[in-house]
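The values are calculated or read from the model by the stated rules, or taken from the named source; none is laboratory data. Worth saying up front: this structure is predicted, and the values here are computed from it rather than measured. Note that each Cβ is placed from the backbone with ideal geometry, even for glycine, and that neighbours are counted across all protein chains shown.
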């Protein structure tokens, strides 16, 4: 083998190596060959690579691949088709919208977006203000209602204080009767004004009324008659205060009994608290 | 009224009469039907190649679609001086398949085993039915079979596995110099043996 053959073989080897290298760099072969002979050789080796897949039996892709391809092609415009493509030029020239329309439309869209965004932000701010004011108003209303309740309570307490401190007031303590059918820790105090009409009753630690039953207040006169003083609204075992301007004449005792729900026309249930020990304190 | 025989033939018939390079030019001119025609001619072979690389038909079909979209978008980049259209398509889909293979980080040691599987044989009207393609495949199979196993191995790892010669050396444990020698011998032998088939593409 002479030098010319050696050089030719060396060149061929380098061509093959550069060709295989170019495959791994994802570039098309053909840019590395110098001279017509080398170019032709490189081209032959390139085509040899192109023949390799013919060794494999062809595999038909599913029909949807082609239909998807055609759909995608309709969506995509070729990116580097010649600028002077007559079809494209014709299409552009017959286009309904001029080229400047898109940027202007985009600018208008951005401006409108900004405007509506600003308006939205303002509306949000106003809505926040309204909600804050409504909250304050609700709070004020609540405070107003509480104030009214406090005023009512204060008036009642003043009335009660006036009654219990009035001259000639009588006090009667209510206790469970000895050998009472129902045990209780409840205690009560009845204040009766000197006119023997106005009265104030306070009861503490009375147990919540059993389901289907009611506590009922009775004024007992000297002849033993029990006059209905009303059903006591005790549900939660807290203390109870009742004030009234009316008391039956000749009342000598007070009785609280456990009656059927809603009360009875006369005492029928067990006595819970009873008081007949009247004491004048002032 | 024009005479009946003056009407142009249907576009699909016209495209079928075009050779590959003319089809690419038609694509450059914006004829989507030309892509469809090119697809009909080569989709079977290209899908088989991609499936051989990826070992997954669904992936291969995706790559096939991407390949022809690239053809549609970049047909003007085709240079007939560098390769035939079919080789251009082969190199595009091979490159895309290798890229996908790398992105999947499929371990190369699975390639050899999976490659032993007989590829699915599907009918492809434009592929199997084409006598020229059948003859080309028979010739390739013959000549590949003539190669010594060690030369065939390095070629397949390079072409279907996307491996550099250094990677092949590392993968097989064969010295790099030996890998290069085997690759060069195989390529030169095939070039001589397939001169006629190469000439058909030029």
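Conditions tested, residue by residue: (1) under 26 Å from residue B:140 (Cα atoms); (2) under 15 Å from the mean Cα position of the chain (by Cα); (3) in contact (Cβ under 8 Å) with a residue 40 or more places away in the chain; (4) part of a loop (DSSP other than H, G, I, E, B).
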site	(1), (2), (3), (4)
B:21	yes, no, yes, no
B:30	no, no, no, yes
B:37	yes, no, no, no
B:46	yes, yes, yes, no
B:67	yes, yes, no, no
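Starting from segment B:77-100, take each residue that is at the interface with chain A (Cβ under 7 Å from one of its Cβ atoms) and list its partners that are surrounded by fewer than 21 Cβ atoms within 10 Å (Cβ to Cβ) and assigned to a helix (DSSP H, G or I), counting only C-beta distances under 6 angstrom and pairs at least six apart or across chains.
That search, which allows pairs on different chains as well, returns B:84/B:201.
Quick check on residue B:46: is it facing chain A (nearest Cβ under 8 Å), surrounded by fewer than 24 Cβ atoms within 10 Å (Cβ to Cβ) and within 15 Å of residue A:57 (Cα to Cα)?
Against the criterion (facing chain A (nearest Cβ under 8 Å), surrounded by fewer than 24 Cβ atoms within 10 Å (Cβ to Cβ) and within 15 Å of residue A:57 (Cα to Cα)), residue B:46 does not qualify.
Checking residue A:185 against (1) touching a strand residue (DSSP E or B) at 6+ places or on another chain (Cβ under 8 Å); (2) closer than 17 Å to residue A:274 by Cβ, which test does it fail?
Going through the list (1) touching a strand residue (DSSP E or B) at 6+ places or on another chain (Cβ under 8 Å); (2) closer than 17 Å to residue A:274 by Cβ, residue A:185 breaks only (1).
Can you pull out the helices (runs of 4 or more DSSP H) entirely within segment B:158-202 that have at least 1 residues that are within 21 Å of residue B:140 (Cβ to Cβ), within 9 Å of chain A (Cβ to nearest Cβ) and touching a residue at least 12 places away in the same chain (Cβ under 8 Å)?
Numbers: elements: B:165-172, B:176-193, B:195-201.
It comes to B:176-193, B:195-201.
Please find, within segment B:71-91, the residue that is surrounded by the most Cβ atoms within 10 Å (Cβ to Cβ) out of those that are part of a helix (DSSP H, G or I) and within 15 Å of the chain's Cα centre (by Cα).
That would be B:89.
Tally up the residues in segment A:206-221 that are surrounded by fewer than 19 Cβ atoms within 10 Å (Cβ to Cβ) and closer than 15 Å to residue A:275 by Cβ, please.
Qualifying residue count, segment A:206-221: 1.
Which condition breaks for residue B:155 when tested against (1) more than 10 Å from chain A (Cβ to nearest Cβ); (2) in a helix (DSSP H, G or I)?
Only one criterion in (1) more than 10 Å from chain A (Cβ to nearest Cβ); (2) in a helix (DSSP H, G or I) is unmet by residue B:155, namely (1).
Kindly list the number of the only condition in (1) modelled with pLDDT of 80 or more; (2) surrounded by 10 or more Cβ atoms within 10 Å (Cβ to Cβ) that fails for residue A:167.
That leaves (2) as the condition not met.
Looking at (1) facing another protein chain (nearest Cβ under 10 Å); (2) crowded, with 23+ Cβ neighbours inside 10 Å; (3) under 21 Å from residue A:57 (Cα atoms), can you tell me which one residue B:27 breaks?
Failed condition: (3).
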